[in-house]
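J.: This structure is in structure tokens; I'll ask about it shortly.
The values are calculated or read from the model by the stated rules, or taken from the named source; none is laboratory data. Keep in mind the model is a prediction, meaning the values are calculated, not measured. Cβ atoms come from the backbone with ideal geometry, glycine included; neighbour counts cover every protein chain shown. Ligands, DNA and RNA are excluded from the accessible area calculation, which covers all protein heavy atoms including side chains. Shrake-Rupley method; radii C 1.70, N 1.55, O 1.52, S 1.80 Å.
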Amino acid sequence: MNSRIFHIAANTFREAVRDRVLYNLIAFALLLSAAAILVGQISIDIERLVVVNLGLSAVSLFGIVIAIFIGIGLVSKEIDKRTLYTVLSRPVRRWEFIVGKFFGLTGTLVVNTVCMGIGVFAALLYVSHKFQHSDTSILVALYFIVLQFVIICALALLFSTFSSPLLSAVFAFSLFVIGSFAEDLKGFAAMSQGFTRVVTVAASYLVPNFSALNVIRSVAHEHPVPWSLVAYNTIYAVVYSAMALCGAVLIFERRNLK
Amino acid sequence: MAAIEVINLEKTYAVGFWRKRPRVALRPLNLAVNEGEVFGFLGPNGAGKTTTLKLLMGLVYPTGGSARILGMEISDPRVKAQIGFLPEQPYFYDYLTARELLAYYAHLSGVPAKECSSRIENVLKLVGLPDAANVQLRKFSKGMLQRVGIAQAVLHDPKVVFLDEPMSGLDPMGRREVRDLMAQLKQQGKTVFFSTHILADAEALCDRVAIIHQGELRGVGAVADLTSSVQGKIELVWAGNAVPASMKSLSSECHVTGDTVRAVLPENQQDAALEALRREHLKLISLVPVRTSLEQYFVEKLKRVEQSAGGKA
């Protein structure tokens, strides 16, 4: 990574920390502690299932909210507040700014997810009193959640380059919801005919496939995640977010900063 | 070599949501600023000053024309290492301290890591903020932010400094400090290009000025040359408590104060006015030329433009 991208990313991370974004960890810790104590009292033999399900879903939800609400303002806020002027009047290329912002937000979410992941394992230890071999698949589920964040960050950044924060939030959240049902969309496409089929097939490939990245249920039931899926999802997330970032760069390169 | 060369640079925005219509922000502009010069870019609000600066900084793209800074096209990334820019009413990352902000900009400008801290200390001293170095910018006053803005513009020792309304929001002391700072930059051999609508600042600082109005260049030159093109005036004071009719016909600006009368009239009326006083047996007290200010030139220039526009209409 070139040094300018690194410094822009580091500054984006610092902004998130100083704007108390990581305070969400407190809410997460409280939620998980309360859930672990409650689950320990009311569940028999399914404590692990409930804690993994609840913990990973909370990690995903908290992260998605942060990714969307910070991502949508990454560029538009800099233009509105004119902080961008003093950055782009230096030897910083516009694509470096976009890529730096992306890595900064992704880094924030990775740190956030690592802290939450530790919380999930702590809650699991509290209710099960020991770890078992199948718990390693929780790490894979956390990794897939991070991949979801990477895609959402890239999409939020893309929308941020050409629309208002409110519209960007609507676009990003809609894509997240539709993407969570991407497999259903593919099923619908397979059943439809004619023009509807063309549209639904195109849409099913265009929207990010978040359902393939969601293995929370199978991990909670201690089903192993195949390595081929890990490889496929990694490549998919990298390619999809790279394309979204390219779109963001192409739009931002042409934009007049009025 | 000219430090800044602007050749037919123009900008038209498309405004409106459904039916886009063009709005001319800058008509073809030609300008050359010499190295080591303090150049004032003057014009009323909305004249096109900030658009020109944004075009030169690569923040907006021109509709036509081109510009070169230190012989390099403005699209050349190398040029950015040689320039410093203070935007109008700057706003910075307010979660950072002044020192952190300057360190961030130093890294982006490619200042070598080992020189960073000494450069930051120097510019903080230069703008009078060494004691506020570790204070978050959200606690800074407008004047302090303006100083940080100037500090970041000169931090990497650029050859050409662009300042957009550098005196705006400053108290008289702050304005004086910025003036001193600009004089210091000139002494260091830097080219300073600054926009302002405060003519006294331009008159005090600039080697040359350009006047822009409604996106069009109206005049360029040294302050003395521009002001000499305006017809000179004289101030005449004599003893008396009334204005004779012959003087009233020569000057519309006559004021009686106690036992003296003061009149301001065009320089070419001087002989006629003296003759009138002699005829009336009035005692002359003083006759002094009135120095033409840049403001007068500015007002007259814009008035002429508006008159000709009205005439055409």
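J.: Going through B:LEU31, B:LEU42, B:LEU26 one at a time, which residue ends up being among the hydrophobic types (A, V, I, L, M, F, W, C), within 22 Å of B:LEU199 (Cα to Cα) and within 14 Å of chain A (Cβ to nearest Cβ)?
T.: Matching residue, one of B:LEU31, B:LEU42, B:LEU26: B:LEU26.
J.: Please determine whether any residue of segment B:107-115 is facing chain A (nearest Cβ under 9 Å), surrounded by fewer than 20 Cβ atoms within 10 Å (Cβ to Cβ), out of contact with any Gly (no Cβ under 7 Å at 6 or more places or on another chain) and within 25 Å of B:GLU35 (Cβ to Cβ).
T.: The answer is yes; a qualifying residue exists.
J.: Only one of these conditions is not met by A:SER168: (1) of a type outside the set (A, V, I, L, M); (2) without any contact (Cβ under 8 Å) to a residue 60 or more places away in the chain; (3) closer than 26 Å to A:LEU61 by Cβ. Which number is it?
T.: For A:SER168, the exception is condition (2).
J.: I'm checking my understanding of the structure. Among residues of segment B:276-313 that are hydroxyl-bearing (Ser, Thr, Tyr) and not in a strand (DSSP E or B), which one is modelled with the lowest pLDDT?
T.: The residue in question is B:THR292.
J.: For the structure I just gave you, tell me whether B:LEU124 is over 20 Å from B:LEU42 (Cα atoms) and crowded, with 18+ Cβ neighbours inside 10 Å.
T.: Here the answer is yes, as B:LEU124 does meet what is asked.
J.: I need the full set of residues from segment A:219-258 which are within 20 Å of the chain's Cα centre (by Cα), open to solvent by 40 Å² or more (accessible area, probe 1.4 Å) and small (Gly, Ala, Ser), in order please.
T.: A:ALA231, A:ALA242
J.: What number of residues within segment A:207-233 satisfy the criterion of being in a helix (DSSP H, G or I) and on the phi > 0 side of the Ramachandran plot? Steps first, please.
T.: Taking segment A:207-233 and keeping what is in a helix (DSSP H, G or I), we get A:216-220, A:227-233.
Keeping just the survivors that are on the phi > 0 side of the Ramachandran plot gives none.
So the answer is 0.
J.: Related question: Restricting to strands (runs of 3 or more DSSP E) lying wholly in segment B:11-91: which have 2 or more residues that are within 22 Å of B:ALA151 (Cα to Cα) and open to solvent by less than 20 Å² (accessible area, probe 1.4 Å)? Outline the logic, then answer.
T.: On the way: elements: B:21-34, B:38-42, B:64-69, B:83-86.
Per the criteria, B:38-42, B:83-86.
J.: Against the conditions (1) within 14 Å of chain B (Cβ to nearest Cβ); (2) touching a residue at least 12 places away in the same chain (Cβ under 8 Å); (3) of a type in the set (Gly, Ala, Ser); (4) open to solvent by less than 10 Å² (accessible area, probe 1.4 Å), where does A:SER89 fall short? Just the number, please.
T.: Against the list (1) within 14 Å of chain B (Cβ to nearest Cβ); (2) touching a residue at least 12 places away in the same chain (Cβ under 8 Å); (3) of a type in the set (Gly, Ala, Ser); (4) open to solvent by less than 10 Å² (accessible area, probe 1.4 Å), A:SER89 comes up short only on (2).
J.: Turning to a different aspect of this structure: Select from segment A:46-60 the residues that are β-branched (Val, Ile, Thr) and surrounded by 24 or more Cβ atoms within 10 Å (Cβ to Cβ) and write down the one among them that is farthest from A:ILE152 (Cα to Cα).
T.: Step by step, filter segment A:46-60, then rank; the result is A:VAL51.
J.: Here is a follow-up. Quick check on segment B:52-65. Is at least one of its residues more than 14 Å from chain A (Cβ to nearest Cβ), touching a residue at least 60 places away in the same chain (Cβ under 8 Å) and out of contact with any Pro (no Cβ under 6 Å at 6 or more places or on another chain)?
T.: No; the residues of segment B:52-65 include none that is more than 14 Å from chain A (Cβ to nearest Cβ), touching a residue at least 60 places away in the same chain (Cβ under 8 Å) and out of contact with any Pro (no Cβ under 6 Å at 6 or more places or on another chain).
J.: OK, next. Which residue is nearest to the chain's Cα centre (by Cα), if the candidates are limited to segment B:239-261 and must be in a strand (DSSP E or B) and surrounded by 17 or more Cβ atoms within 10 Å (Cβ to Cβ)?
T.: Ranking the qualifying residues of segment B:239-261, first place goes to B:CYS254.
J.: Given A:TYR240, A:TYR236, which one is in contact with a Pro (Cβ under 8 Å, 6 or more places away or on another chain) and either within 19 Å of A:SER57 (Cα to Cα) or in a helix (DSSP H, G or I) (or both)?
T.: The conditions single out A:TYR240.
Table: residues versus (1) over 25 Å from B:GLU267 (Cα atoms); (2) touching a helix residue (DSSP H, G or I) at 6+ places or on another chain (Cβ under 6 Å); (3) of a type in the set (Asp, Glu).
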residue	(1), (2), (3)
B:ALA200	no, no, no
B:ARG208	yes, no, no
B:GLU216	yes, no, yes
B:GLY221	no, no, no
B:ILE234	no, yes, no
B:ALA239	no, no, no
B:ALA245	no, no, no
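Rundown of residues vs (1) away from every other protein chain (no Cβ under 11 Å); (2) modelled with pLDDT of 95 or more; (3) within 28 Å of B:THR52 (Cβ to Cβ); (4) buried (at least 21 other Cβ atoms within 10 Å of the Cβ), yes/no style:
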residue: A:ILE5; (1), (2), (3), (4): no, yes, no, yes
residue: A:ILE8; (1), (2), (3), (4): no, yes, yes, yes
residue: A:ASN11; (1), (2), (3), (4): no, yes, no, yes
residue: A:LEU30; (1), (2), (3), (4): yes, no, no, no
residue: A:PHE62; (1), (2), (3), (4): yes, no, no, no
residue: A:ALA67; (1), (2), (3), (4): yes, no, no, yes
residue: A:GLY73; (1), (2), (3), (4): yes, no, no, no
residue: A:ASP80; (1), (2), (3), (4): no, no, yes, no
residue: A:TRP95; (1), (2), (3), (4): yes, yes, yes, no
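J.: Looking at segment B:108-133, I want the residues that are assigned to a helix (DSSP H, G or I) and have a partner that is of a type in the set (Val, Ile, Thr) and surrounded by 14 or more Cβ atoms within 10 Å (Cβ to Cβ) with Cβ atoms under 8 Å, at least 6 apart or on another chain. Which pairs are those?
T.: B:LEU108/A:ILE8; B:LEU108/A:VAL87; B:LEU108/A:VAL92; B:ARG119/B:VAL111; B:VAL123/B:VAL154; B:LEU126/B:VAL154
J.: For B:ASP157, only one of the following conditions fails: (1) in contact with a strand residue (DSSP E or B) (Cβ under 8 Å, 6 or more places away or on another chain); (2) closer than 29 Å to B:PHE39 by Cβ; (3) away from chain A (no Cβ under 11 Å). What is its number?
T.: For B:ASP157, the failing item is (1).
J.: Let me spell it out: the conditions are (1) open to solvent by less than 10 Å² (accessible area, probe 1.4 Å); (2) within 19 Å of B:TYR91 (Cα to Cα), and A:LEU105 meets all of them except one. Which number is the exception?
T.: In the conditions (1) open to solvent by less than 10 Å² (accessible area, probe 1.4 Å); (2) within 19 Å of B:TYR91 (Cα to Cα), A:LEU105 misses (2) alone.
J.: Then there is this: Go through (1) surrounded by fewer than 20 Cβ atoms within 10 Å (Cβ to Cβ); (2) of a type in the set (S, T, N, Q); (3) touching a Ser or Thr at 6+ places or on another chain (Cβ under 9 Å) and name the single condition B:SER141 misses.
T.: Failing condition for B:SER141: (3).
J.: Related question: Look at A:ILE26 and say whether it is over 25 Å from A:ALA169 (Cα atoms) and modelled with pLDDT under 85.
T.: Taking the combined requirement at face value, the residue does not satisfy it.
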